[in-house]
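Q: What follows is a structure written as structure tokens; I'll ask about it next.
The values are calculated or read from the model by the stated rules, or taken from the named source; none is laboratory data. These numbers come from a predicted model, not from an experiment. Here the Cβ is made from the backbone with ideal geometry for all residues, glycine too, and neighbour counts use every protein chain on show. Just so you know, the surface numbers come from the protein's heavy atoms only, side chains and all, with ligands and any DNA or RNA stripped out. Shrake-Rupley method; radii C 1.70, N 1.55, O 1.52, S 1.80 Å.
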Amino acid sequence: PSGSWFAAIGDTEDGEIDIWQADGELKQKIQPHFPNTCLTPSVDSHFLVVGGVNGEVRAYDVSTGEAVGDFVGHKAAITDLAFSRDGRNLITGSSAPPGAEGKDFTFRLWDVATRKEVHRFDNHSEAISKLVPAAGSVAAISSASLRIWDSTSGKVRKEIPLEGPPVALALNNSGNTL
């Protein structure tokens with residue numbers, strides 16, 4: 001949930017997304033026209049950003065259902081999307097199924113206002129399954145490790161090996177503990 005609405009991805013080829021009000025009434029239908037993999041609301045709940053199977057990242061106005069812009073750069077399926085706490089940046093993660101063409105084990109930091117890439121983080125050798133932004137950092141988790149990156153320099157601050165596949169990653173409300 002975000003604000004007063006929920007979004008649900010449909011299991012359709014065109015990736016239809018339903019936006020539901022908190023009371024259960026259908027508010028909007030969005031037609032991305034591409035199979036999608038994930039979505040995230042903007043911090044102010046006015047926009048919904050959708051990731052697709054071929055690297056598409058597109059923002060939609062929730063009130064109209066209209067596309068308002070693309071974040072272009074990924075070459076493979078988007079695995080996660082997250083806004084920074086202040087809403088000024090979007091973080092997008094990518095991967096590809098084993099054996100697929102166009103592997104892209106990167107995540108990218110975008111300026112939301114311009115939709116321009118601010119930084120590309122590309123030292124992952126595996127699919128990124130979850131991204132969590134924090135003040136000056138981004139935590140990225142894959143099947144083998146949790147890496148905490150400096151969001152300005154793009155350097156790894158800490159790498160923590162994992163003994164098994166991760167299930168979840170979250171940041172506390174004060175933004176200082178993973």
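Q: Quick one: how many residues across segment 119-141 are in a loop (DSSP other than H, G, I, E, B), among the polar types (S, T, N, Q) and free of Cβ contacts under 8 Å to residues at least 24 places away in the same chain?
A: Here the count works out to 1.
Condition check ((1) modelled with pLDDT of 95 or more; (2) aliphatic (A, V, I, L, M); (3) in a strand (DSSP E or B)) across all residues:
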site	(1), (2), (3)
His33	no, no, no
Cys38	no, no, yes
Val43	no, yes, no
Leu48	yes, yes, yes
Ala59	yes, yes, yes
Ser63	no, no, no
Gly69	yes, no, yes
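Q: Since Asn176 meets every condition but one in (1) open to solvent by less than 80 Å² (accessible area, probe 1.4 Å); (2) outside any strand (DSSP E or B); (3) touching a strand residue (DSSP E or B) at 6+ places or on another chain (Cβ under 9 Å), which condition does it not meet?
A: (1)
Q: Ser174 fails exactly one of the following numbered conditions: (1) more than 16 Å from the chain's Cα centre (by Cα); (2) within 24 Å of Lys103 (Cα to Cα). What is the number of that condition?
A: Ser174 satisfies every listed condition except (2).
Q: Can you find even one residue in segment 87-110 that is open to solvent by less than 80 Å² (accessible area, probe 1.4 Å), within 23 Å of Gly15 (Cα to Cα), among the acidic types (Asp, Glu) and at pLDDT below 90?
A: Yes.
Q: Follow-up question, since we're still on this one. Within segment 15-25, is even one residue under 22 Å from Thr92 (Cβ atoms), modelled with pLDDT under 85, open to solvent by 40 Å² or more (accessible area, probe 1.4 Å) and in a loop (DSSP other than H, G, I, E, B)?
A: No, every residue in segment 15-25 fails to be under 22 Å from Thr92 (Cβ atoms), modelled with pLDDT under 85, open to solvent by 40 Å² or more (accessible area, probe 1.4 Å) and in a loop (DSSP other than H, G, I, E, B).
Q: Just to check your reading of the model, which residue among Gly154, Gly164 is open to solvent by less than 60 Å² (accessible area, probe 1.4 Å), in a loop (DSSP other than H, G, I, E, B) and touching a His at 6+ places or on another chain (Cβ under 7 Å)?
A: The match here is Gly154.
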